[in-house]
Amino acid sequence: MAVGALIGAYQEDDGGGLRALLPLAGRTLIEYQVRCAAAAGAAPIVVVVERVPQALQDAFERLRSDGIGVFPASDIEETVSRFEAGSSVLLIGDGVAPPLKLVLSVAEAPETAVATVPDDEQHAHFERIDAESRWAGVALVDAHLLGSTAAMLGDWDVQSTLLRRSIQEGASRLPAAEHGGEPLLAESAEELAGFQRHLVQASRGDRDDAASRWVFPLVEDIATEQLMHRSVPPAWLIHGSLGLTLAGAVCFTRGWLGVGLVLLLIAAPLDLIAGRLATLRLRPLSAGSFSQRALWPAAGLALLAIGLWEMRHGTGWGALVTAAAGCAFGEAARLERSGMPPTNEMWLLSRRNAVLLALPFAIAGQWTGYLVAVLLYGALSFFIVQRVRHPALS
């Protein structure tokens, strides 16, 4: 069954502005709500408004520029006309910041459903629906209710009326705490600050190498918090990481070894930051993008460039052979470990781990020693993966 979305954006916050325009993760609350609905596959997405100030119009334009169709509606007839007969409508309450998992859980419900929170002091600001529970700000209702509601309403609060009519018709109750987490009903920017911190922390996700788990998180956090307030496309950071890695390889061929290493260090966390920005904007990066896939080969080119420089300036052809063998073992280990749990890959050879490994050798000026270390690291990683994946062969 097709699912559309209906989101409220007409109630005012403590300062007299719209709750929908409260800042969240570098954007506005309404943008977060719309992106949650879009992530659940909802279309069309209709926003109920009484007025459209410039800031709200700007939010709509940002969403449309990302390919998300959003339609403001100021009267009941216009709202009803947006939804097909027989479809379901995902309701998201005005000023509600729901966890994405909760929105997905409600949208995937097999029948009409209402997410609930307990009727207690902690949830006193949520709308009460009976003696034991309150509305958590997310529900799935039948579109036919919207049409029949339009026939009976004059001065209307469409979401509240739809909610109550859906409950009267037997909508199932889904405790929010058991279906993705409890939402926040925000009336001020300060109330959203804690929810924003949770989003930023949750965007870190799993890490599959030691460098990204223990060395780069602080850099990631600072960069993510700064960039989420700007209109920087995450893909640009991936392109930047690839460009810096290739530039580092060029520097190695010219003998600017320290400069090349600095460029690789800058490039190392950029794809992680890009992934976090994409997560915050609820538009995950495509794993198959050219720049994303090219980061690993580009790092191999940088290693070969070091081997080429060392071959020409002191240690002979052995340096280049060592670099090539290190690349070969690294690629073999990468291919073999596909499907392994991330926690088992933490100390294996990776692009970021290899970049950090270069630091002590660069300080000591022992770049040939670094090539040998990468070769041993890659070989050890390959044999560990072989033992884990194919124990019968070991």
Does segment 27-35 contain any residue that is under 22 Å from MET228 (Cβ atoms), basic (Lys, Arg) and within 22 Å of the chain's Cα centre (by Cα)?
yes
Tell me whether segment 102-111 contains one or more residues that are out of contact with any Phe, Trp or Tyr (no Cβ under 7 Å at 6 or more places or on another chain), hydroxyl-bearing (Ser, Thr, Tyr) and free of Cβ contacts under 8 Å to residues at least 60 places away in the same chain.
no
Determine whether segment 335-348 contains at least one residue that is of a type in the set (Gly, Ala, Ser) and in contact with a Phe, Trp or Tyr (Cβ under 9 Å, 6 or more places away or on another chain).
no
Check VAL48, VAL34 and return the single one that is touching a residue at least 60 places away in the same chain (Cβ under 8 Å) and over 17 Å from ALA189 (Cα atoms).
VAL48
Please determine whether any residue of segment 121-139 is modelled with pLDDT of 95 or more, touching a Pro at 6+ places or on another chain (Cβ under 6 Å), among the aliphatic types (A, V, I, L, M) and buried (at least 21 other Cβ atoms within 10 Å of the Cβ).
yes
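The values are calculated or read from the model by the stated rules, or taken from the named source; none is laboratory data. What you are looking at is a predicted structure, and each value in this text was computed from that prediction instead of being measured. As a convention, Cβ positions derive from the backbone with ideal geometry for all residues, glycine included, and neighbour counts pool all protein chains shown.
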